[in-house]
Amino acid sequence: MNGSGTLFGWAFGDLSRSGDEAYLDELRRDALANAAQDAVSRGFGVEEGTETYTVINPGDTLADVHTAPEQLIVRCTVKLTGPGADEVHAEGPMNG
């Protein structure tokens, strides 16, 4: 079956630069690259243009970010393609 699923990619950066849009763009590119690498390692493709981003500032969220307490976190969600992709869904902090 050629369905679609979702996957997260991550990038971590300097919290003090959270207001620097050029820096955030760099982290977004890194998070997308991370998602694409993870997808390829699982045998899937990434549908171009489906990426969405969330910037997580540990001081401004209720999310448990104990693994990166002093870092800016950028999460990229992408749509997967290929056989079996419909069984993979980004959930919580991990990819399931």
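Details
- Residues (in a helix (DSSP H, G or I) and among the acidic types (Asp, Glu)) located in region 1-38: Glu21, Asp25, Glu26, Asp30, Asp38
- Qualifying residues in region 7-50 (those that are under 10 Å from the mean Cα position of the chain (by Cα) and touching a residue at least 60 places away in the same chain (Cβ under 8 Å)) - the one farthest from Glu70 (Cα to Cα): Leu7
- Leading residue by the ranking (modelled with the lowest pLDDT) among those in region 47-67 that are more than 13 Å from Ala31 (Cβ to Cβ) and hydrophobic (A, V, I, L, M, F, W, C): Leu62
The values are calculated or read from the model by the stated rules, or taken from the named source; none is laboratory data. Remember, it's a predicted structure, so these values are computed and weren't measured experimentally. All Cβ positions, even for glycine, are placed from backbone atoms using ideal geometry, and neighbour counts span all protein chains on display.
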